[in-house]
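Engineer: First the structure, then my questions, so here it is.
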């Protein structure tokens, strides 16, 4: 929300939407689909769990005395994921009405997947933490770009180590970094660095994408011979493979005879080296003064464009048809109706919710 209700706010996470299709961008400011995309819903819920987890890892919270029976940061985060997810689930159910029956299974599956992803992430993060310590979690920054238009961004986390600062952006993805623009020119990350500088006067030392891949490790396959698969392409992790060996030999790992483990040494070494990289990925980038200045110039022009579209939508909110943008656009049927002279407003009113609901 903006403190100035008359301010048109551009969001750091959607700056490219105006360029992708002006009409879709305009309608997205005014309407929301009857249901959120399950992938988006999963990502929002996972963010809620990560927010709770990293709040518990802030120096202020860690310094507080805790009872022996106190919940761990991971347990608190999973509890918050469940609370937030259940509330969001109920909101989707109520707003969807009779349509809920047709897609409730998608949301059940997304909820379960997100819960398991977080459980695995906390194991991963305990052995491979992000740099520095938590300075701030989920900080909203909003500034005015030109009269009447602002830029807003919700930064997932800022971490510090002395005078050094990093901005961390959590992402859920189906295929890791293959889904994102090159980090060094990623506009969303640049927007966060720009907003943080505008608010604090500090140029951050790094921007980190913290990616949780929407996939879960499998238990190693048991072969007909009775042994475990040694394929290096299997989607598993070292801990699961050790558990499978313990089950196979009916003994704790340390008690399994060395000669019995010889056939598995290579795959165990491979999995140890690989870690959780098939399920969690991190990469960092930097921005200098010149890049922020260039971004500011582009941002001013984008703000002017956005304002002109709002003021003269019939002339300037034209579509930009393409295989990529139209394929996932929720307004495709509305756009077609408008282009062929149909009652597109009736479709908007019957199939969409007014406002930015999700």
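The values are calculated or read from the model by the stated rules, or taken from the named source; none is laboratory data. Given the structure is predicted, the values throughout are model-derived calculations rather than measurements. Cβ sites come from the backbone with ideal geometry, for glycine too, and all protein chains shown count toward neighbours.
Engineer: Going by the conditions given, is residue 106 farther than 27 Å from residue 72 by Cβ and touching a helix residue (DSSP H, G or I) at 6+ places or on another chain (Cβ under 6 Å)?
Structural biologist: yes
Engineer: Any idea how many residues of the stretch 134-172 are touching a residue at least 40 places away in the same chain (Cβ under 8 Å), part of a strand (DSSP E or B) and farther than 15 Å from residue 50 by Cα?
Structural biologist: The total comes to 14.
Engineer: Tell me, please, whether a residue that is surrounded by fewer than 17 Cβ atoms within 10 Å (Cβ to Cβ) and either at pLDDT 95 or above or in a loop (DSSP other than H, G, I, E, B) (or both) can be found in the stretch 29-40.
Structural biologist: Among the residues of the stretch 29-40, at least one is surrounded by fewer than 17 Cβ atoms within 10 Å (Cβ to Cβ) and either at pLDDT 95 or above or in a loop (DSSP other than H, G, I, E, B) (or both), which makes the answer yes.
Engineer: (1) in a helix (DSSP H, G or I); (2) at pLDDT below 95; (3) under 23 Å from residue 276 (Cβ atoms); (4) in contact with a helix residue (DSSP H, G or I) (Cβ under 8 Å, 6 or more places away or on another chain): which one isn't true of residue 115, the others all being true?
Structural biologist: All conditions pass for residue 115, except number (2).
Residues are listed down the side, and each one gets a yes or a no for (1) within 20 Å of the chain's Cα centre (by Cα); (2) in a helix (DSSP H, G or I); (3) closer than 19 Å to residue 214 by Cα; (4) touching a residue at least 60 places away in the same chain (Cβ under 8 Å):
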position	(1), (2), (3), (4)
51	yes, yes, yes, yes
55	yes, yes, no, yes
64	no, no, no, no
71	no, no, no, no
75	no, yes, no, no
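Engineer: When you look at residue 183, is it in contact (Cβ under 8 Å) with a residue 24 or more places away in the chain, surrounded by 14 or more Cβ atoms within 10 Å (Cβ to Cβ) and touching a strand residue (DSSP E or B) at 6+ places or on another chain (Cβ under 8 Å), yes or no?
Structural biologist: So residue 183 fits the description; yes.
Engineer: Filter the stretch 299-358 down to residues that are part of a loop (DSSP other than H, G, I, E, B) and farther than 15 Å from residue 25 by Cβ and give me whichever is modelled with the lowest pLDDT.
Structural biologist: 357
Engineer: Looking at (1) surrounded by 17 or more Cβ atoms within 10 Å (Cβ to Cβ); (2) within 17 Å of the chain's Cα centre (by Cα); (3) not assigned by TED's automatic domain parsing to the domain that holds residue 86, which one does residue 140 not meet, given that it meets all the others?
Structural biologist: Condition not satisfied by residue 140: (1).
Engineer: Going by what's in this entry, would residue 155 be described as touching a helix residue (DSSP H, G or I) at 6+ places or on another chain (Cβ under 6 Å), buried (at least 17 other Cβ atoms within 10 Å of the Cβ) and closer than 30 Å to residue 278 by Cα?
Structural biologist: For residue 155, the condition - touching a helix residue (DSSP H, G or I) at 6+ places or on another chain (Cβ under 6 Å), buried (at least 17 other Cβ atoms within 10 Å of the Cβ) and closer than 30 Å to residue 278 by Cα - is met.
Engineer: Now for a separate question. Looking at the stretch 259-307, which of the residues that are without any contact (Cβ under 8 Å) to a residue 40 or more places away in the chain and surrounded by 15 or more Cβ atoms within 10 Å (Cβ to Cβ) is farthest from residue 131 (Cα to Cα)?
Structural biologist: Top of the filtered list is 264.
Engineer: Just checking, does the stretch 249-256 include any residue being over 30 Å from residue 151 (Cβ atoms), surrounded by 15 or more Cβ atoms within 10 Å (Cβ to Cβ) and in contact with a strand residue (DSSP E or B) (Cβ under 8 Å, 6 or more places away or on another chain)?
Structural biologist: no
Engineer: Could you please tell me which pairs satisfy a Cβ distance under 7 Å, a separation of 6+ or placement on different chains, a first residue in the stretch 245-258 that is without any contact (Cβ under 8 Å) to a residue 24 or more places away in the chain, and a second residue that is loosely packed, with under 14 Cβ neighbours inside 10 Å and not in a helix (DSSP H, G or I)?
Structural biologist: Sorted first by the residue in the stretch 245-258, then by its partner, the pairs are 246/252.
Engineer: When residue 164 is evaluated against the numbered criteria (1) surrounded by 15 or more Cβ atoms within 10 Å (Cβ to Cβ); (2) within 30 Å of residue 294 (Cβ to Cβ); (3) at pLDDT 95 or above, which criterion, by number, is the only one it fails?
Structural biologist: (1)
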